[in-house]
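Worksheet for the structure shown next.
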Amino acid sequence: MERVFKIGDNVAVVDEIFKGKVVAISKGKIVIESTEGFSFEFSPNELVVIEEKQSDLSKYSDITNEALVQKLNYQDKKKKAPKFKTSTKPEDLGPMEVDLHIHQLTKSTAGMDNYDMLNLQIDTAKHKIEFAIKNKLPKIVFIHGVGEGVLKSELEFLFKKYNISSYAADYKKYGLGATEIYIYQNPKN
């Protein structure tokens, strides 16, 4: 029986620790987007639909193990303890990190030439910039590596298109192969 997928389904990849949401369906391929916003393509036999969260499946089960009941009661008391308030404002979070190394973007480069790989990297960067603008994220660090500088040059060209300022990312954390951008946004929107 062939699995049927719909756009918006939450799915998991068989034999991997990877989950995402179906964003596109084409001939024999399902495109899913990870929680980090990366898109990946899989065949239907590599995916399974997640119908219910694990916590939803177990919260109605009958608990008879005394040690487990005591542990749950202890955890309930712990939950009532005051928590520190953390900020969820985008400007208070660290910069979004996007690793553009090709092995981070695709499972295999078989059949891809340098042009295809560069286009995948630039498309990913463009998608992340648009995501940051839409979600009012002020900073992104693009990890591109040192190499011959082709990707870095193309990124700089892309940043000019978006009128974004860029500078070398923190050397201690990223070394020479990363660029940080700052996106000026109107806070009233």
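Going by the structure shown, is residue 180 within 22 Å of the chain's Cα centre (by Cα) and either over 21 Å from residue 33 (Cβ atoms) or modelled with pLDDT under 90 (or both)? Considered against the rule, which asks whether it is within 22 Å of the chain's Cα centre (by Cα) and either over 21 Å from residue 33 (Cβ atoms) or modelled with pLDDT under 90 (or both), residue 180 comes out as yes.
Among the helices (runs of 4 or more DSSP H) confined to region 95-185, the ones with at least 1 residues that are closer than 26 Å to residue 13 by Cα are located at 102-105, 114-134. Can you pull out the residues in region 89-135 that are basic (Lys, Arg) and modelled with pLDDT of 85 or more? Correct list: 107, 126, 128, 134.
Yes or no, residue by residue, for (1) of a type outside the set (A, V, I, L, M); (2) under 21 Å from the mean Cα position of the chain (by Cα); (3) at pLDDT 90 or above:
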residue	(1), (2), (3)
145	yes, yes, no
157	yes, no, yes
163	yes, no, no
173	yes, yes, no
176	no, no, no
187	yes, no, no
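The values are calculated or read from the model by the stated rules, or taken from the named source; none is laboratory data. In this text the structure is predicted, and so the values were computed from the model without any measurement. Note that we place each Cβ from the backbone using ideal geometry, even for glycine, and neighbour counts take in every protein chain shown.
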